[in-house]
Amino acid sequence: MSGFFGVTSKRDCVFDLFFGIDYHSHLGTRRGGIAVYNKDTGYNRSIHNIENSPFRTKFEYDILSMHGNSGIGCISDYEPQPLIVKSHHGTYAITTVSKINNAKELEEELFNNGNSHFLEMSGGDINPTELVAAIINQKDNLIDGIKHALDSVDGSLTLVILNEKGIYVGRDKYGRTPCVIGKNDAGYCCAFESFSYLNLGYKDYKELGPGEICVMNADGVKTLVAPGNKMRICTFLWVYYGYPSSSYEGLSVELMRYNCGKYIAQRDNVKCDCVAGVPDSGTAHAVGYSNESGIPFSRPFIKYTPTWPRSFMPTIQAKRNLIAKMKLIPVHDLIQGKSLLLIDDSIVRGTQLRETTEFLYESGAKEVHIRSACPPLVYGCKYLNFSRSTSEMELITRRMIQKLEGDNVSPEVLAEYANPDSKKYEQMVEEIRKELNFTSLRFNRIDDLKKACEIDPDKLCTYCWDGKE
């Protein structure tokens, strides 16, 4: 995942830009970038690797030399950005949040249409943001180019472009990721996370609809392309990705998580001593469960973050699992001899949660009951970089289904495993429970998950749980 922030102001924008980007640090672990435009000196850009240090520490000296009334920046989990592009549209800076499934086809199309080359990144891939810029540059004007890019991408794409006229913002054509605009007395900002501008003195101005394209400068915001009618925003934003103080489509992340815990509790009958959430995203789910069930909320382990922020996460999965385990510090007085109910936002590979459970047993827990705030992840996400897995077989669900069914599983059989009322679903859950050594295991139901969102369910993307597009 990635996050973005942009500012256009009658005052120097760099302070707001710096902290607005920093407030997106939970969305990416690899790159941070800032690009500022000054009418006297042009563009000034800086990009840093943030894998081992927080965003602020890498950019605190860069911003001393940056001045301008408009700028954009990002936290990225993959590619270096923003990029500065010179084309027949003039010079502009661009940053994106994207998952481009048809990248190879688009590359071939661009080569056939005269695009001469792309720069490869270290892994051999083309920078997705550079690819988007090349698609934009196929059209005669910038607005048509932005719309062409949004329409061309199979997957998802939200983009922000900075030039001398202002900041252009285009939300994904199905609204899979959010895009909001804030306003203060000096200008406007755009952001992925709606909370990111509140402490900077901005108030909510508008949330872009699916496929909507706007341009903003210090004097106002103008819609260039009206929003479409079809919305498929990622439900996992509320469950896991989003920061607790953020809201999407008018729904608070914290409230949605609280609702999930509440609905799980309404269907549960387990007897335990306390309820806990896996820090940090599991906490609100656990509070909702605790308040609904009457079972006390507790914190039997604490995440140590002063020197290990989220950005300190290696790209190799085995090392990520080790660091995730090392961050959790037990509180033995709250574990010894206790029957614990633990809620996590999801179960993906299962490795970290199994190690957490073993760690609780080793710390003296009598029982560890696991509840997942979302349904089993049966399908690999096609629309967001939720996980850069090379295969759906990395999902614990698919490995258990293979164990039960063999290698050749039809779409109809997969649908049975995704159905919480089927026998196959029960078998899969039991196999996961045994594999991961939980005392008991339950997942949130897809119908309760949609109810927890409190918005029109037709606007929600639930593909990773039910395979429905």
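None of the figures in this text is laboratory data; all of them are computed from the coordinates on show. In this text the structure is predicted, and so the values were computed from the model without any measurement. Cβ placement follows ideal geometry from the backbone for every residue including glycine, while neighbour counts extend to all protein chains displayed.
For the set K147/K230; K86/K139; K139/K382; K271/K451; K139/K206, the pairs lying more than 18 angstrom apart at their alpha carbons are K139/K382; K271/K451; K139/K206.
Label separation (R299 vs K423): 4.6 nm, computed from points 7 Å beyond Cα along the C-beta direction.
If you average 1/r over every pair of different alpha-carbon atoms in the stretch 257-466 and take one over that average, what Kirkwood value in Å do you get? 17.7 Å is the Kirkwood radius here. On the principal axes of its alpha carbon atoms, the chain extends 68, 47, 40 Å, with the longest extent given first.
Across the stretch 133-147, the residues whose backbone nitrogen lies under 17 Å from the label position 7 Å along the beta-carbon direction of H117 are 134. Please compute the length gained on full extension between N269 and E469, using 0.36 nm multiplied by the number of residues separating them and subtracting their Cα-Cα distance. Extra length from N269 to E469 when fully extended: 68.7 nm. Ordering F297, Q336, H285 by Cα displacement along the dipole of the stretch 257-466 toward the positive end leaves Q336 in first place; charges were set at the Cβ atoms of Lys, Arg (+1) and Asp, Glu (-1). Using a Cα-Cα cut-off of under 17 Å, which aspartates and glutamates could be cross-linked to K173, ignoring same-chain neighbours fewer than 8 residues away? Cα-Cα hits under 17 Å: D144, D151, D154, E207, E212, E249, D458, E469.
Over the chain, DSSP H runs of length four or greater, each weighted -39,500 (n - 2.57), average out per residue to a 222 nm ellipticity of -8500 deg cm²/dmol. Only the Cβ atoms of Lys and Arg (+1) and of Asp and Glu (-1) were treated as charged; on that basis the dipole of the stretch 2-231 about its Cα centre amounts to roughly 520 debye.
If you wrap a convex hull around the C-alpha atoms of the stretch 2-231 and split its volume per residue, what is the figure in Å³? Kindly include the intermediate steps, with their values, before the conclusion.
Working: hull volume 26.3 nm³, N = 230.
Here the figure is 114 Å³ per residue.
Put simply, the Cα atoms of the stretch 52-98 extend 37, 28, 13 Å along their principal axes, the longest span coming first.
If I take R0 = 41 Å and measure r between the Cβ atoms of D144 and Q402 in this structure, what FRET efficiency does the formula 1/(1 + (r/R0)^6) give, to the nearest 0.05? Show your work: numbers first, answer last.
Values: r = 47 Å, r/R0 = 1.14.
For R0 = 41 Å, the calculated efficiency reads 0.30.
Classify the stretch 1-134 as rounded, prolate or oblate, taking a ≥ b ≥ c as the square roots of the eigenvalues of its Cα gyration tensor: rounded when a/c is under 1.5, otherwise prolate if a/b is larger than b/c and oblate if not. Display every interim value, and only then the final one.
Values: a/c = 2.33, a/b = 1.41, b/c = 1.65.
Because a/c hits 1.5 or more and a/b fails to exceed b/c, the stretch 1-134 counts as oblate.
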